[in-house]
Amino acid sequence: MIQLLLLFAAGAPSPLSPLYQAEWGFGPTAVTLVFALHSFGLLAALIVTGSLPTTSDRVRY
């Protein structure tokens, strides 16, 4: 369940970008920069945590 919530949270900034642009007065360049930083941060997190073993990898049946 937590993984599903994290999956949804990872994609949350994408549809919210136009709302942030209207609410805070960001220009197109600022929205693009924020989206790019989010993408690079997500990529870094996946590289760092992607190799961590999960519980199913450690349990032997």
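The values are calculated or read from the model by the stated rules, or taken from the named source; none is laboratory data. The shown structure was predicted, so the numbers you read here are calculated from the model rather than taken from an experiment. Cβ coordinates were reconstructed from backbone atoms using ideal geometry, including for glycine residues, and neighbour counts include every protein chain displayed.
Overview of results
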{"quantity": "Long-range neighbours under 7 Å by Cβ, at least six apart or interchain, first residue at pLDDT 85 or above and in a helix (DSSP H, G or I) within the stretch 31-44, second surrounded by 12 or more Cβ atoms within 10 Å (Cβ to Cβ) and polar (S, T, N, Q)", "calculated": "V31/S17; V31/Q21"}
{"quantity": "Test: residue in the stretch 49-58 that is under 10 Å from the mean Cα position of the chain (by Cα), of a type outside the set (S, T, N, Q) and at pLDDT below 75", "calculated": "no"}
{"quantity": "Residue, farthest from the chain's Cα centre (by Cα), within the stretch 23-40, restricted to residues that are surrounded by 11 or more Cβ atoms within 10 Å (Cβ to Cβ) and closer than 18 Å to A9 by Cβ", "calculated": "V34"}
